[in-house]
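No value in this document is a laboratory result; all are computed from the given coordinates. Here the structure is a predicted model, which is why all the values come from computation and not from measurement. Glycine also receives a Cβ, built like all others from the backbone with ideal geometry; neighbour counts cover every protein chain displayed.
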């Protein structure tokens, strides 16, 4: 798998704004990304292989691509669910 990651950013070039790859500017990872399996290193800098602007993914909570973050748990010890998904599950159980 290491070979696949090494070739992932093949053809990318560094610019003043960040790493340019296939016309998209990719920004370096943020501190919250450390430990994720999706990190790719290119010329000494670390980038996310799934999302070009990792800081935005962490702005409103945990990144949904993060492989090192567990699901959030509420005060009662239950895993938080999307309310729409919860209502559909309840309807199926009738």
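In what sequence, highest mean first, do 45-51, 31-37, 82-88 appear when ranked by Cβ atoms within 10 angstrom?
45-51, 31-37, 82-88
If R₀ is 35 angstrom, what is the calculated FRET efficiency for the pair residue 49 and residue 85, using the beta carbon separation as r and rounding to 0.05?
FRET efficiency, residue 49 to residue 85: 0.80.
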